[in-house]
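First comes the structure, then the notes that go with it.
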Ligand SMILES: [Zn+2]
């Protein structure tokens with residue numbers, strides 16, 4: 001389900017030196033003149049580097065001071081203001097969990113308070129976990145040890161999947177992209193451990209070094225789980241088989257095209273076409289009710305997979321692969337040695353993080369990742385303001401109004417397509433804060449001291465929840481993110497934009513901030529999510545959330561001429577010597593940033609007309625200038641080289657620096673705000689300027 005969400009790309013969470021804190025400090029000021037207008041307030045000018053010219057390197061100008069004053073902590077791989085917000089949210093979650101552990105007469109088993117507390121205490125009990133060692137997975141390993149034939153793989157995978165260990169391919173229920181009211185079973189490619197097929201296939205020295213480190217890591221985990229003598233042989237088999245699987249996988253860029261990943265077929269036909277894997281047995285054993293048709297994301301992957309499964313010589317490789325895919329998902333929950341080895345590879349080698357987070361922080365993150373929605377239920381009771389919700393709802397409608405006017409004024413689109421675009425825009429729905437109805441986790445059995453079994457129980461509840469959707473209409477009230485998440489998303493199938501409570505805070509939004517700061521923050525985020533409905537991918541869905549073409553051929557061509565320029569602009573950015581931004585993979589996000597900022601800018605201009613001019617000046621910056629400084633303040637960050645490499649390969653979002661430089665290079669509004677001379681360094685040439693929406 002999550003794969004259909006187009007996000008803002010944040011999610012990571014301290015007392016904020018810099019932008020956010022400054023906004024808070026100024027919370028107590030004179031009453032507002034009118035809605036959205038606020039008295040002049042201080043701007044964190046210490047974040048700037050005024051030795052730089054705004055028009056030659058706005059990134060350094062807007063954030064040079066901040067970057068110097070806020071070095072990256074050794075426990076992080078990326079560090080910016082929204083990581084700080086994320087961290088602050090985490091501290092609040094920690095307070096909530098700590099409070100639960102102090103309650104004497106805790107509620108009955110199955111209550112969310114009992115579940116959260118026992119899960120939290122189980123993870124933080126490092127002494128108990130060390131004593132248990134690999135005992136919690138003893139039975140699992142005995143069962144896997146009996147695997148001797150790829151024909152048995154379906155049974156093994158169904159058994160593992162029922163406990164939450166997914167591998168080889170995904171099978172889940174979500175909306176049919178061409179019948180958005182109907183839930184249908186979807187199948188997607190899988191089988192890899194490294195973050196992308198490129199890690200297996202690229203031949204540069206950095207990629208080769210990562211593969212060597214990966215093979216060593218697999219062997220270490222096998223040895224720690226009692227398979228010392230076979231460890232090296234098994235590790236080399238895993239890497240060899242995964243490299244074959246990488247070779248038959250579809251690339252991320254290719255998967256951006258929703259027409260390519262929509263392949264509806266009858267279940268019986270799919271089963272018959274793939275004799276290498278007992279799909280029907282897998283379905284029955286997993287308890288999936290019978291269904292007629294399914295949607296296959298990557299048919300060629302499944303066809304080639306059949307060949308790998310039927311190759312008898314590969315049996316020992318499959319055996320090693322099966323053990324590894326189980327262990328990599330569970331090892332982090334075992335002893336300190338297991339956890340340390342998982343950290344060494346996944347965080348240090350892959351992301352450049354030097355030091356493990358303290359046990360307490362890891363425990364909070366684990367609970368948040370496992371029972372996020374129940375935890376969010378407690379979070380919003382304490383940290384959500386209905387006033388903020390009303391204010392953000394007002395901004396959503398303002399931006400919708402600006403978008404409508406801009407569609408009407410477009411010079412490249414025919415009146416016919418404009419009507420369709422406006423109808424889609426009008427049909428957008430939105431959610432702010434937290435769900436109206438919460439999911440029920442009461443059947444999950446969480447027992448203190450039984451970390452692995454508790455997690456498997458939550459996974460079983462999640463699986464049943466998903467499977468129960470078969471045959472039911474799509475639930476429009478469901479949320480794709482927990483309320484405490486610092487992020488936002490657009491769902492093409494629901495044609496809705498969603499803003500969890502977690503993001504309605506500084507530096508994105510404050511009830512007391514200057515409007516320019518809020519429009520350059522949450523305003524641009526709202527615009528970004530709206531624009532996803534009109535990016536390379538979202539524009540293929542109509543207002544009812546169906547994958548169906550509403551464009552004339554000429555309009556589509558003119559649209560793609562413009563998006564093609566965005567692709568070309570971003571392809572030229574080279575954050576690492578050997579690696580450029582993938583302009584095609586990131587185009588949806590880059591389009592959404594450019595369009596979103598433009599919409600928010602004009603919504604702000606409308607708002608400012610209602611304010612007294614003296615309110616708008618502060619610290620020598622105009623409202624328009626502060627709008628862009630606010631946007632920059634959100635995306636400035638430190639990032640480790642290996643994290644940057646990973647994101648350039650896997651993340652549909654451009655790195656923070658280029659989310660500032662990329663869109664501003666195209667915006668006449670930015671040039672005007674800072675009085676940039678033609679030909680200024682970071683700006684696109686007049687003839688290359690792109691305006692899409
Ligand atoms: Zn996005």
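Would you confirm, using the coordinates I've provided, whether residue 431 is surrounded by 15 or more Cβ atoms within 10 Å (Cβ to Cβ), outside any helix (DSSP H, G or I) and out of contact with any helix residue (DSSP H, G or I) (no Cβ under 7 Å at 6 or more places or on another chain)? When the stated conditions are applied, residue 431 passes them.
Figure legend. Inter-residue proximity from the range 592-614: first residues over 20 Å from residue 671 (Cβ atoms), second residues within 14 Å of the ligand (Cβ to nearest atom) and at pLDDT below 95, beta-carbon distance below 6 Å, spacing 6+ or different chains. No pairs are indicated. Among the candidates 81, 101, the residue that is buried (at least 22 other Cβ atoms within 10 Å of the Cβ) and on the phi < 0 side of the Ramachandran plot is uniquely 81. Checking the stated criteria, residue 486 turns out not to satisfy the condition of being within 14 Å of the ligand (Cβ to nearest atom) and out of contact with any helix residue (DSSP H, G or I) (no Cβ under 7 Å at 6 or more places or on another chain).
Remark: pairs (first residue in the range 472-483, within 21 Å of residue 368 (Cα to Cα); second residue exposed (fewer than 12 other Cβ atoms within 10 Å of the Cβ); Cβ separation under 9 Å; 6+ apart in sequence or on different chains) = 478/437; 480/2; 481/2.
Taking residues in the range 637-658 that are part of a helix (DSSP H, G or I), and partners anywhere that are within 16 Å of the ligand (Cβ to nearest atom) and at pLDDT 95 or above, the pairs with Cβ atoms closer than 6 Å and at least 6 places apart or on different chains are 656/635.
Summed over the range 285-302, the residues that are surrounded by 14 or more Cβ atoms within 10 Å (Cβ to Cβ) and either closer than 30 Å to residue 258 by Cα or at pLDDT below 95 (or both) give a count of 12.
Consider the range 538-566 and keep the residues that are more than 16 Å from the ligand (Cβ to nearest atom) and closer than 14 Å to residue 663 by Cα. The one that is surrounded by the most Cβ atoms within 10 Å (Cβ to Cβ) is 565.
The values are calculated or read from the model by the stated rules, or taken from the named source; none is laboratory data. Every value quoted in this text rests on a predicted model; they were computed, and no experiment measured them. In this analysis, Cβ positions are derived from the backbone assuming ideal geometry, glycine residues included, and neighbour counts consider all displayed protein chains.
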